[in-house]
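First comes the structure, then the notes that go with it.
The values are calculated or read from the model by the stated rules, or taken from the named source; none is laboratory data. Note that the coordinates shown come from a computational prediction; the quantities given were computed from them, not determined experimentally. Positions of Cβ are backbone-derived with ideal geometry, glycine not excepted, and every protein chain shown enters the neighbour counts. Surface accessibility is based on the protein's heavy atoms, side chains included, excluding ligands, DNA and RNA. Shrake-Rupley method; radii C 1.70, N 1.55, O 1.52, S 1.80 Å.
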Amino acid sequence: RSDNGSGGVTEYFRLDGGIKRTIFTENIGLEDNTQILIGSGNDLQMYHDGSNSYISDTGTGSLILQSSDLFLRTNSTENAVVCAANAGVTLYYDNAAKLATTSTGVAVTGGLTTTSTVILSNLPTSDPGTTGQLWHDNGTLKISAGG
């Protein structure tokens, strides 16, 4: 406990031997370039250098983020990547969904530009009857007009 600046006393942190934890009841402030070092070999490091913020996994193994739903945002409201439990991953451009994994593959919203070869495998070998679907007919690529 310490003086709270207003003439009173406030608990800022306590050591709790019953649960083997240090409990902080007020914000922890670290100055620029001061790191939070985790692991006996300082394998996980978190810090701000005055310009950028970093989370560095410098040890063995992988950095694993676990959550039922994970959002990477460019600010507090604009999605960049959303990973939804049992539902897939969606990539965004300017907060608009552009590429999403689905139970059957990938859905693209908008145009698709490639700088390399596109390989289409397992195409139907007869007209599938679905408008706009590609199919293969004895070496010829065809587009179905629908049925």
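Evaluation of residue 87 against the conditions (1) touching a residue at least 12 places away in the same chain (Cβ under 8 Å); (2) farther than 26 Å from residue 29 by Cβ shows that the sole unmet condition is (1).
Here segment 41-75 is the region considered, the condition is being among the hydroxyl-bearing types (Ser, Thr, Tyr) and in contact with a Gly (Cβ under 9 Å, 6 or more places away or on another chain), and the residue that is least open to solvent (accessible area, probe 1.4 Å) is 58. Residue count for segment 128-139 under the criterion of being surrounded by fewer than 10 Cβ atoms within 10 Å (Cβ to Cβ) and within 35 Å of the chain's Cα centre (by Cα): the result is 1. If I filter segment 1-29 down to residues being under 29 Å from the mean Cα position of the chain (by Cα) and open to solvent by 90 Å² or more (accessible area, probe 1.4 Å), which single residue comes out as farthest from residue 48 (Cα to Cα)? Step by step, filter segment 1-29, then rank; the result is 24. Tell me, yes or no, whether segment 136-143 has at least one residue that is over 30 Å from residue 43 (Cα atoms), in a loop (DSSP other than H, G, I, E, B) and either without any contact (Cβ under 8 Å) to a residue 40 or more places away in the chain or among the aromatic types (Phe, Trp, Tyr) (or both). Yes; the residues of segment 136-143 include at least one that is over 30 Å from residue 43 (Cα atoms), in a loop (DSSP other than H, G, I, E, B) and either without any contact (Cβ under 8 Å) to a residue 40 or more places away in the chain or among the aromatic types (Phe, Trp, Tyr) (or both). All conditions but one from (1) open to solvent by 70 Å² or more (accessible area, probe 1.4 Å); (2) within 13 Å of the chain's Cα centre (by Cα); (3) among the polar types (S, T, N, Q) apply to residue 79; the one that does not is (1).
Residues in segment 30-58 that are under 21 Å from the mean Cα position of the chain (by Cα) and farther than 29 Å from residue 14 by Cα: 52, 58.
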